[in-house]
Amino acid sequence: MESGKKYAVNEIFLSLQGEGFWTGTPMVFLRFSGCNLRCPFCDTDFTSFTLLTGEEILLKIKETAPEGCRRICITGGEPSLQLDSPLTDLLHGEGFILHIETNGTHPLPEGIDWVTLSPKSDFVPSAEVVIGSCDELKVVYTGQDFRKWESFPAINYFLQPCSCSNTGEVVKMILENPKWRLSLQTHKYIGIA
Ligand code: SF4
């Protein structure tokens, strides 16, 4: 990788995956700066950034990952606005397993190992999903008709309370719609990043 391209990176840190299928799994989080949406409940700081080359990102990830921790959660903001094949190839080449958390409004590079789609078109009408499938569909529930997402090709379907505020309502919805499973923002409950 020699292009010298720089990526706007908000932060790189080690934590546990807080949400969805991989909850509780240690991962290095690569948070890109910037998002194309402005969801009303967004609580993520994606505005500050440092410009880093792919090699600098790889070095920082290697410094951050303890031995045996090979999973990288690529998130944002909206990571697909910046993530490209040269960077995924570089990280794969070092044996990392790549997860991405995306709003689905922008195509993804080929070969990402685990795609978590959290669609936002229920909140931002222009946020049309353009990716065709995912490993994990994670819908933030605020009372909308989430069942329409059951026809979207996914392996796992998660319903998640909005900012930990309506968990009882989400539990009730899942009991009535057992295709779905509960996703909690466990990192918020235990006070980690
Ligand atoms: S897509 Fe995610 S990061 Fe972007 S505004 Fe919505 S909640 Fe925030």
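Nothing in this text is a laboratory measurement; each read-out follows from the coordinates by a stated rule. Since we're looking at a predicted model, the values are computed, not measured. As a convention, Cβ positions derive from the backbone with ideal geometry for all residues, glycine included, and neighbour counts pool all protein chains shown.
Taking 0.36 nm per residue of separation and subtracting the Cα-Cα distance, full extension of the segment from Cys42 to Thr25 would add 3.8 nm. Distance between the 7 Å Cα→Cβ label points at Thr64 and Leu14: 1.2 nm. Note that the stretch 97-113 has calculated 3J(HN,Hα) couplings of 9, 9, 9, 9, 10, 10, 8, x, 8, 9, x, 9, x, 5, x, 5, 6 Hz, one per residue in order, obtained from phi through the Karplus relation 6.51 cos²θ - 1.76 cosθ + 1.60 (θ = phi - 60°); glycine and proline are x. Under 5 Å between amide hydrogens, built in the peptide plane, is the criterion, and for Tyr141 it picks out Gln160, Cys162 among residues at least 5 positions away or on other chains.
From helices alone, the chain scores -5000 deg cm²/dmol at 222 nm; the rule is -39500 (n - 2.57) for each run of n ≥ 4 DSSP H residues, then divide by the residue total. For Phe32, the residues whose amide H sits under 5 Å from its own are Asn10, Thr75, Gly76, ignoring neighbours fewer than 5 places away on the same chain, with H placed 1.01 Å from N. Could you tally up the Lys pairs in the chain with alpha carbons closer than 29 Å? Skip any pair fewer than 8 positions apart unless they're on separate chains. Step by step, the pairs that qualify in the chain add up to 23. Rounded to the nearest 10 degrees, the angle from helix 54-64 to the longest Cα principal axis of the chain is 70 degrees. Report, to the nearest 10°, how far helix 167-176 tilts away from the longest principal axis of the Cα atoms in the chain, using its own Cα long axis and a range of 0 to 90°. Helix 167-176 sits at roughly 70 degrees to that axis.
Counting only DSSP beta bridges with both residues in the chain, what percent are antiparallel, rounded to the nearest 5? Present the calculation step by step, with values, prior to reporting the outcome.
Details: 11 of 34 bridges.
So the antiparallel bridges amount to about 30 percent of the total.
Simple spin-label estimate for Lys6 and Glu110 gives 3.1 nm between the two label positions (7 Å along the Cα-to-Cβ direction from each Cα).
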